[in-house]
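The values are calculated or read from the model by the stated rules, or taken from the named source; none is laboratory data. A quick note: this is a predicted structure, and the numbers were derived from the prediction, not measured. So basically every Cβ, Gly included, is an ideal-geometry build from the backbone, and we count neighbours across all protein chains shown. For the accessible areas, the whole protein counts, side chains as well, though only heavy atoms, and no ligand, DNA or RNA atoms are used. Shrake-Rupley method; radii C 1.70, N 1.55, O 1.52, S 1.80 Å.
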Amino acid sequence: MDSLPFALLVVIFVAAAAVVWVAGIQLSKATDVLDARLHLGSALGGLIVLAVATNLPEIAITVSAAMAGNLEVAVGNILGGIALQTVVLVILDAFGRRGRGVKPLTYRAASLTLVLEGLSVVAVLAVVIAGSQLPDGLEVLRLTPDVVLIAALWIIGLVLVQRAGEHLPWHEDGRAPDASPKPSPAKTKMSTKKAAVVFSISALATLVAGVVLERAGDAASSQIGLSGVLFGATVLALATSLPEISTGLQAIRQGDDNLAISDIFGGNAFLPVLFLLATVISGSAVLPRANGADIYLTALAALLTLVYVVGLIFRPQRRIIGMGVDSFVVLVLYAVGIGGLFAISA
C-alpha cells in the first residue's frame, strides 16, 4: 500500500474502521448468545471467545511478520497496543452508560473473577518484561522458556477464572451484592446456529478489515513522516482497538458490563501468547527483539491494569468528567506515559 496516494489511504483506513466497528457489534451480540447457550458465563466468554475474535488482526499480522522474519514488527504489534487497549475501558466507562445516578463501570461490574483476570494480565506482562532480558540462543525445539511460561500462565488463568465462575468461598460468591444483574439469556431470539454463523462471519470481517486497517495506517504514517513507534502506540493502536470499543459498548448496552471488561482483560492476556506462535514459526527467540519503547509500553500497560484491579476491589462511586475515578487516573497516567514515550523516541 506504500505506493497509494495519501488521500486514498485515508479512505481505505476509514472504510476498514467502519467494517471493524459494525462487525464488533455483531460479535458482541453473538458472543452473548453463545455464552448463555454453552454455559460459559460472561467472564470466561469474554476471556476466550470474544477476546480471541477481536484480536484476529493481531494474530494474522504476527504470523505474517514471523514468516517474513520481521520479529521486531511482531513484537511491536503485540506490545504496542496493550496499554491503549486498556484505555478502551475509559471510553466504555465514559460513553457506555450515561445519565444522572449511573455508577462507574467498575462499580457496576465488580467481581472477584474480573480481579483475577486483571491479575493474570499483570502476571503475563511481568514475564514479557523478564523475557526481553534473556539472551538469544535459548531455543529448544523451536521454543524458549519465556514464551512457554507466558502460555502456561494464560492457561492457568483460564482454569482459575472457570473455577471462580463456578464457586468462590466469598460473600455472594465473589460478586458484589449490588452489581449489575446478569443479563437474562431468555431475552434473545437468536438461535445457537445463527449465533455461530453471525460470530464466524463477523470474526472473518474483523480479521480482513483489521489487517487492511493496520497496513493502510502504517503506509499513511510513513508518508507523513510520523515515527512508527509513536504512530503504533497512538493512532494505529486506537484504530486496531475499534473491535474492543464496539463490542464493549454493545455489551454494556445489553446490560453485560462484565463481558465488556473481560474482553479487554482477556485480549491483553492473550496477545503475549502470540509470542509462542511467532517463536515456533521463526525458530528464533522473539522477546529479546523488543526495544526500549516496547518494554516501556508493557510496563505502562501493567500499571494501568492494576489501577482497574484496585477499582474493581474498592468500587469508587464518584465520577469525574463523566467517568469513574479509576478511569480518570488511567487516562492521566496514559497521557503522562505517552509523553514519556515521545521522550524515549526523540
May I ask which residue of GLY337, ALA260, VAL208 lies farthest towards the positive end of the charge dipole of the chain, with charges of +1 (Lys, Arg) and -1 (Asp, Glu) on Cβ and the Cα centre as origin? ALA260
Can you work out ³J(HN,Hα) from phi for every residue in segment 111-128, in order, using Karplus 6.51 cos²θ - 1.76 cosθ + 1.60 and θ = phi - 60°, giving whole Hz and x for Gly and Pro? 6, 5, 5, 5, 4, 4, 5, x, 5, 5, 4, 4, 4, 5, 5, 5, 5, 4
The answer for the chain, accessible area per residue at 1.4 Å probe in Å², is 42
5 Å is the cut-off here: which amide hydrogens, built 1.01 Å from N in the peptide plane, fall below it relative to ALA110, excluding neighbours closer than 5 in sequence? SER180
Listed residues VAL211, VAL63, VAL336; largest mean-square fluctuation, Gaussian network over the chain with Cα springs below 10 Å, found at VAL336
Bin width 10 Å, alpha-carbon pairs only: give the P(r) of the chain as whole percents, running from 0 to the bin holding the largest distance. 6, 26, 35, 24, 8, 1, 0
Calc'd 3J(HN,Hα), segment 266-280, phi into Karplus 6.51 cos²θ - 1.76 cosθ + 1.60 (θ = phi - 60°), Hz, glycine/Pro = x, comes to x, x, 5, 6, 7, 3, x, 5, 5, 5, 5, 4, 5, 5, 5
Added length on full extension, which subtracts the Cα-Cα distance from 0.36 nm per residue, TRP170 to SER3: 54.2 nm
Just report the Cα centroid separation between segment 51-78 and segment 236-273, whole Å. 18
Choose one of THR54, GLY324, SER282: the residue whose Cα lies farthest towards the positive end of the charge dipole of the chain (beta-carbon charges +1 Lys, Arg; -1 Asp, Glu; about the Cα centre). GLY324
Equivalent ellipsoid semi-axes - Cα gyration tensor, segment 257-346, angstrom: 30, 19, 8
What ³J(HN,Hα) values, in whole Hz, does the Karplus curve 6.51 cos²θ - 1.76 cosθ + 1.60 give for segment 326-341 when θ = phi - 60°, with x put for Gly and Pro? 5, 5, 5, 4, 4, 4, 5, 4, 5, 4, 5, x, 5, x, x, 5
